[in-house]
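One structure below.
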Amino acid sequence: MARSALLNVMVAAADKAGRSLARDFGEVENLQVSRKGPADFVSKADMRAEEIVYRELSKARPSYGFLGEEGTEEKGDGTHRWIVDPLDGTTNFLHGIPIFAVSIALERQGELIAGVVYNPVMDELYVAEKGQGAFVNDRRLRVSARTDLADCLIGTGLPFLGHGNQVRTLSELQQLFGSIAGIRRPGAAALDLAWVAAGRYDGFWEHSLKPWDMAAGIVLVREAGGFVSDAAGRDKFLDTGSVVVGNEIVHRQLLKMISAAGGPKAGPRS
Ligand code: IPD
Ligand code: CA
Ligand code: CA
């Protein structure tokens, strides 16, 4: 697959940051047994990855804006903006679980037009650009074709200390338990979305996310033929923090489930 110049820039940045994370991930295991634990080390690994992504992207596209989870913010030309999570799946990383990724998206005039998600341990590089399809390691991706919820594996995210709405989540899960093949919560939203693009899960929904958790993955899902909306079926995912994805039928079923559980506004948002 011949990649565009834009994707080449994004892939180079994701690859460099991913290699740095993979090296640090090797160290985390040694630190698990130390008294202080690996938390400090991991937050340094996270910052290091963001610095690498910022350096690479701003060298290649100096006029573009930048929004990174670890605090890097540049206004830029007002037209283009990188949206970056240097380490999505921090809790997994900290616990030695190899489900984490670098996530880089590009927004142009408020529209998401390209996304790269890279898991350096599994060596899976997901790329997508508007109108050009989605790929993992150069293999074309399609969302799953399953339409019967009884066969569907659905991914989600769950609340944790200080984050998310437990009442709403429990009520949503209750709507699904009896009618689907299984639920997964691997702990890295960027990869959850990439896995829907790859047809591994049939659908995914999560609330209380930040733009950097979902921006790149949304491009992947769309370019793999999937449907993407917020919890109310609109396209305000980056503003509301809720994202619902799947093939057309599964996406619709998930929206129905959210509505039956009390709707997009059920309970306070955190
Ligand atoms: C988190 C992961 C997780 C999601 C959380 C995010 P982080 O990102 O994407 O799956 O449930 O809401 O904050 O902190 O690992 O970058
Ligand atoms: Ca994240
Ligand atoms: Ca992060």
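Results, tabulated for the structure shown:
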| item | result |
| --- | --- |
| Subset of segment 65-80 that is assigned to a loop (DSSP other than H, G, I, E, B) and either within 16 Å of ligand 1 (Cβ to nearest atom) or open to solvent by less than 40 Å² (accessible area, probe 1.4 Å) (or both) - its residue that is modelled with the highest pLDDT | E69 |
| Filtered residue count, segment 97-124, keeping only those that are closer than 17 Å to R23 by Cβ and surrounded by 24 or more Cβ atoms within 10 Å (Cβ to Cβ) | 5 |
| 1 or more residues away from ligand 3 (no atom under 16 Å from the Cβ), open to solvent by less than 20 Å² (accessible area, probe 1.4 Å) and more than 24 Å from S103 (Cα to Cα): qualifying helices (runs of 4 or more DSSP H) within segment 161-268 | 166-177, 248-260 |
| Which listed residue, of R168, R200, R185, is within 16 Å of ligand 2 (Cβ to nearest atom) and of a type in the set (K, R) | R185 |
| Unique match (being modelled with pLDDT of 95 or more, in contact with a helix residue (DSSP H, G or I) (Cβ under 9 Å, 6 or more places away or on another chain), closer than 20 Å to A197 by Cα and away from ligand 2 (no atom under 16 Å from the Cβ)) among V84, V102, V136 | V136 |
| Condition check for R252: modelled with pLDDT of 95 or more and closer than 27 Å to N119 by Cβ | no |
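The values are calculated or read from the model by the stated rules, or taken from the named source; none is laboratory data. If you're wondering where the values come from, they're calculated on a predicted model, not measured in any experiment. Here Cβ is always computed from backbone atoms with ideal geometry, including for glycine, and neighbour counts include all displayed protein chains. Heavy atoms of the whole protein, side chains included, go into the accessibility calculation; ligands, DNA and RNA do not. Shrake-Rupley method; radii C 1.70, N 1.55, O 1.52, S 1.80 Å.
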